[in-house]
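Beneath this line is the structure, given in structure tokens, with notes to follow.
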Amino acid sequence: FKTCPGRVLCKLPCSGEKEVDLAVQSAKAAFKIWSQMSGMERCRVMLEAARIIREQREEIATMETINNGKSIFEARVDIDISWQCLEYYAGLAGSLAGEHIQLPGGSFGYTRREPLGVCVGIGAWNYPFQIACWKSGPALACGNAMVFKPSPFTPISVVRLAEIFTEAGVPKGLFNVVQGGAATGQLLCQHPDVAKISFTGSVPTGMKIMEMAAKGIKPVTLELGGKSPLIIFSDADLENAVKGALMANFLTQGEVCCNGTRVFVERKILDTFTKEVVKRTQKIKIGDPLLEDTRMGALINQPHLNRVQGFIKQAKEQGAEVLCGGDLYVPDDPKLKNGYYMRPCVLGNCKDDMTCVKEEIFGPVMAILPFDTEEEVLERANATKFGLAGGVFTRDIQKAHRVVAALKAGMCFINNYNVSPVELPFGGYKSSGFGRENGRAAIEYYSQLKTVCVEMGDVESVF
């Protein structure tokens, strides 16, 4: 591999009906073996997979940077989160259990937590390797098999994960990868032997997947888009709030579903905050993502870059002011001249009804909006069809907890942003989806409860 923006990295055949069926049947056969293993046996295999990822961190991070375009600095964090995820669920695998319930007359009941079968994971292109671990970790810990389809824009690193699982000792076919776009995804969702679908991506695609799953009565986990509010109160630590706003908008070139792209700033600190954010944004180092000092790489592809640029153009037409960035960036290195680079953008003079404030841009574009009161900002923050995340910066801890309690969002941050420990559940409200990744909560979405009622006396009959 080498950095080659704007050029073909490799060619992979799309999986058709035959390949999808082979992948599902292979996973189905592996499931029979894996599901009969004890939790501790599964734990040991998953710990070995985590060890391999940790040991090969640099190699996998480099592959991910080339796969996606994000900085190597960020890619290393993604890989660390990935092995931590597998370690976490390996630890839970041996503890999965039902419960015993005493009934009258010496009778009793108990519950069994059982796997679902062959689960489908459909990933997004912003965190290819990490999302695959977030989905496969709880799935495998519960005893399931998984067929995973990465985005066609980032097909490479998930194949390496499949190889790692095999090296670690999972039954052959337990984690299969198929390649392709919407047609391949449709074949997976409609396959009769698929028990569950977990999807990360856009709201329109999530709606289609839910519709297909409904025809087979298949449970789904949907982690969709967002237009999350980040609320900066005047009593916040300004330096920390500025860093939080940058983290909430410019990670992975702004291509993050839970980004806090609507930055509400209390009016009395608006000018000071805005000036500092602009200054810090202009210092972000853009360029070759494999260089250690690069903090922002290239956007995923040309159509997406054009789409983000279109949002900025429309924002200006609607009265927003470009305070910095928003233009295309051409690195000095000639081998990067065809890369999909742009300067991170900060928009001022924004209004709630502007398209740039209402719609998910999924690029490095921050919209700053002033507010005066807590009640006002909460009403505005919640006035969206999305509900993935939200954040608040304040020194008043009572206010902080009061505000996050009122935010209609599944993932909230106090005095930080875009922190996603694997121990904590992640997922959204409203159009941002349902179900949860990570934490113990994910176990509920990759297993099912069986209730057993045992009578120790004679049957009480009404006949």
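Of the residues Leu140, Leu246, ranked by 1.4 Å probe accessible area with the largest first, the sequence reads Leu246, Leu140.
Each Lys or Arg adds one and each Asp or Glu subtracts one; over the other residues with Cβ under 12 Å from the Cβ of Thr394, this totals -2.
Phi angles of segment 308-325 translate, via the Karplus equation with coefficients 6.51, -1.76, 1.60 and θ = phi - 60°, into HN-Hα couplings of 5, 4, x, 4, 5, 4, 5, 4, 4, 5, 8, x, 6, 10, 7, 7, 6, x Hz per residue; Gly and Pro are given as x.
Kindly provide the helix-only [θ] at 222 nm of the chain, computed as the sum of -39,500 (n - 2.57) over DSSP H runs of four or more divided by all residues, to the nearest 500 deg cm²/dmol? Taking each H run of at least 4 residues, the total per residue is -12500 deg cm²/dmol.
Bridgeable lysines around Lys196 (alpha carbons under 24 Å apart, same-chain partners fewer than 8 residues away excluded): Lys18, Lys28, Lys32, Lys135, Lys149, Lys172, Lys208, Lys215, Lys218, Lys430, Lys450. If the chain linking Glu292 and Lys279 were pulled fully straight, counting 0.36 nm for each residue of separation and taking away their Cα-Cα distance, it would gain 2.5 nm. Summarising the amide proton neighbourhood of Arg262: residues at separation of 5 or more, or on other chains, whose placed amide H is nearer than 5 Å comprise Ser228, Leu230. Counting Lys +1, Arg +1, Asp -1, Glu -1, what net charge surrounds Met354 among other residues with beta carbon under 11 Å of its beta carbon? Net charge in that neighbourhood comes out at 0. Which residues make up the longest stretch of the chain clear of GluC sites (Glu not before Pro) that lie in a DSSP loop with no more than 16 other Cβ atoms within 10 Å, not counting the sites? Looking at the chain, 100-291 is the longest stretch - no exposed GluC sites (Glu not before Pro) with at most 16 other Cβ atoms within 10 Å. With a Förster radius of 56 Å applied to the C-beta separation of Ile217 and Asp332, the computed FRET efficiency comes to 0.50.
Positive end of the charge dipole of segment 302-440 (Lys, Arg +1 and Asp, Glu -1 on Cβ, about the Cα centre): tell me which of Pro425, Gly391, Met342 has its Cα farthest that way. Positive-most Cα among the choices belongs to Pro425.
Straight-line reach from Lys335: taking Cα to Cα under 20 Å and skipping same-chain neighbours fewer than 8 places apart, the lysines in range are Lys2, Lys70, Lys285.
Which of rounded, prolate or oblate describes segment 17-225 when judged by the alpha-carbon gyration tensor and an a/c cut-off of 1.5?
Verdict is oblate for segment 17-225.
Taken along the Cα-to-beta-carbon direction at a fixed 7 Å, the label points for Arg343 and Val159 span 3.8 nm.
On full extension, the segment bounded by Ser95 and Cys14 gains 25.3 nm, given 0.36 nm per residue less the C-alpha separation.
FRET efficiency for the Gln25 to Val419 pair, using the beta carbon distance and R₀ = 51 Å, is estimated at 0.80.
A dipole drawn for segment 17-225 from +1 and -1 charges on Cβ atoms has a positive end, and of Gln25, Ser38, Gly216 the residue lying farthest that way is Gly216. Straight-distance candidates among the lysines for linking to Lys268, with alpha-carbon spacing under 30 Å and chain neighbours fewer than 8 residues away dropped: Lys227, Lys243, Lys279, Lys283, Lys313, Lys316, Lys351, Lys358, Lys385, Lys399, Lys408. Taking amide H as placed 1.01 Å from N in the peptide plane, Phe434 has its amide H under 5 Å from the amide H of Leu222, Gly428, each at least 5 places away in sequence or on another chain.
A cut-off of 5 Å between modelled amide H atoms, ignoring neighbours fewer than 5 places along the same chain, links Asp288 with no other residue. The heavy atoms of Leu116 offer some 40 square angstrom of accessible surface to a 1.4 angstrom probe.
Here are some values of Cα extents along the principal axes in Å: [x] 78, 52, 39; [y] 67, 55, 50; [z] 76, 52, 43. Which one was computed from this structure? Derived directly from the coordinates: [x].
Once both labels are positioned 7 Å from their Cα atoms along Cα-to-Cβ, the gap between Glu455 and Lys399 label points is 6.4 nm. When the solvent-accessible area of the chain is split by element, carbon and sulfur atoms take up 55 percent of it, the probe being 1.4 Å. Annotation: per residue accessible area for the chain equals 43 Å², rounded to a whole number [probe 1.4 Å, protein chains only]. Annotation for segment 267-351: trypsin sites (Lys or Arg not before Pro) lying in DSSP loop with at most 14 further Cβ atoms inside 10 Å of their Cβ are Lys283, Lys285, Lys337, Lys351.
The values are calculated or read from the model by the stated rules, or taken from the named source; none is laboratory data. Owing to the predicted nature of the structure, the values given are computational and were not obtained by experimental measurement. Heads up, the Cβs are rebuilt from the backbone with ideal geometry, glycines too, and the neighbour counts pull from every protein chain shown. Note: areas computed on protein heavy atoms with side chains; ligands, DNA, RNA excluded. Shrake-Rupley method; radii C 1.70, N 1.55, O 1.52, S 1.80 Å.
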